[in-house]
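Asks: Okay, handing you the structure first.
A short reminder: the numbers here are calculations on the coordinates, not readings from a lab. Small disclaimer: the values here were computed from a predicted structure and weren't measured. Every residue, glycine among them, receives a Cβ derived from its backbone with ideal geometry; neighbour counts consider all protein chains shown.
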Amino acid sequence: MTIELYTWSTPNGRKISIVLEELGLAYRVHPINISKDEQFTPDFLKISPNNKIPAIVDPDGPDGQPIAVFESGAILLYLAEKTGRLMPRDPRGRYEALQWLMWQMGGFGPMLGQAHHFRRFAKEQIAYAIDRYSNEARRLYDVLDRRLGEVDYVAGDYSVADIATFPWAARHEWQGIALEDFPNVKRWYDAIAARPAVKKGMAVPG
Ligand SMILES: N[C@@H](CCC(=O)N[C@@H](CS)C(=O)NCC(=O)O)C(=O)O
């Protein structure tokens, strides 16, 4: 059955088109143009109570009934559990993946989003805010680089934790980050960018 994907051309949206491509699940894209405030329509609010993309509706939920899921981390876990893929099965590996997924959702996403805002979009250039979020971005890339010096992918094998992190790293230039300064991240980034499913997912919505 076809999964309905509500998304836009942003890192959080692309996490979900990438995972759907990786899993080979059929999906239909509903672009929600957040620059035109389409995320605030009453119909979208019914699916996504926080008025943000991404969200999905799976007509074949866990009990066979339709289910709506919002929050990109929850959607990634939902789809991994639905298919039994892209998430380690052993408990230790599972907690590795959960930790790095939570790290992305709580840090390497919100903080980089603030860096995008203050470096690119804010009407006023506020030096304090630019420094604060640029420094935090660099600190987070350091954390990721150290981790990727020990393992090929953030939770060992390629998983939803990598899929959550990659589209944010894809905007490194917006964050004032040169990947060459983080050689382990660069190796990981190039490997993921070369995956056919990632190329397709990163082009959604077209
Ligand atoms: N924690 C949420 C964040 C979602 C989010 O920030 N979505 C942005 C686009 S990347 C959005 O819809 N922004 C519209 C708005 O804030 O009005 C998730 O990971 O799904």
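Asks: Pairs, please: C-beta under 9 Å, at least 6 apart or cross-chain, first residue closer than 14 Å to Leu140 by Cβ and in contact (Cβ under 8 Å) with a residue 12 or more places away in the chain and in the range 94-109, second part of a loop (DSSP other than H, G, I, E, B) and within 11 Å of the ligand (Cβ to nearest atom)?
Replies: That search, which allows pairs on different chains as well, returns Met105/Glu71.
Asks: Further question on the same structure: Determine whether the range 134-141 contains at least one residue that is among the acidic types (Asp, Glu), in contact (Cβ under 8 Å) with a residue 40 or more places away in the chain and either assigned to a loop (DSSP other than H, G, I, E, B) or out of contact with any Pro (no Cβ under 8 Å at 6 or more places or on another chain) (or both).
Replies: no
Asks: Among the residues that make up the range 51-62, is at least one of them surrounded by fewer than 19 Cβ atoms within 10 Å (Cβ to Cβ) and touching a Phe, Trp or Tyr at 6+ places or on another chain (Cβ under 7 Å)?
Replies: Within the range 51-62, one or more residues are surrounded by fewer than 19 Cβ atoms within 10 Å (Cβ to Cβ) and touching a Phe, Trp or Tyr at 6+ places or on another chain (Cβ under 7 Å).
Asks: Also: Here are some conditions: (1) more than 9 Å from the ligand (Cβ to nearest atom); (2) touching a Lys or Arg at 6+ places or on another chain (Cβ under 9 Å). Pro11 meets all but one. Which one does it not meet?
Replies: (1)
Asks: Is there a residue being among the small types (Gly, Ala, Ser), outside any strand (DSSP E or B) and either closer than 25 Å to Leu112 by Cβ or within 13 Å of the ligand (Cβ to nearest atom) (or both) anywhere in the range 49-64?
Replies: The answer is no; no qualifying residue exists.
Asks: Out of Leu79, Leu86, which single residue is surrounded by 19 or more Cβ atoms within 10 Å (Cβ to Cβ) and on the phi > 0 side of the Ramachandran plot? Lay out the reasoning, then the answer.
Replies: Working: Leu79 fails: on the phi > 0 side of the Ramachandran plot.
That would be Leu86, the only listed residue that is surrounded by 19 or more Cβ atoms within 10 Å (Cβ to Cβ) and on the phi > 0 side of the Ramachandran plot.
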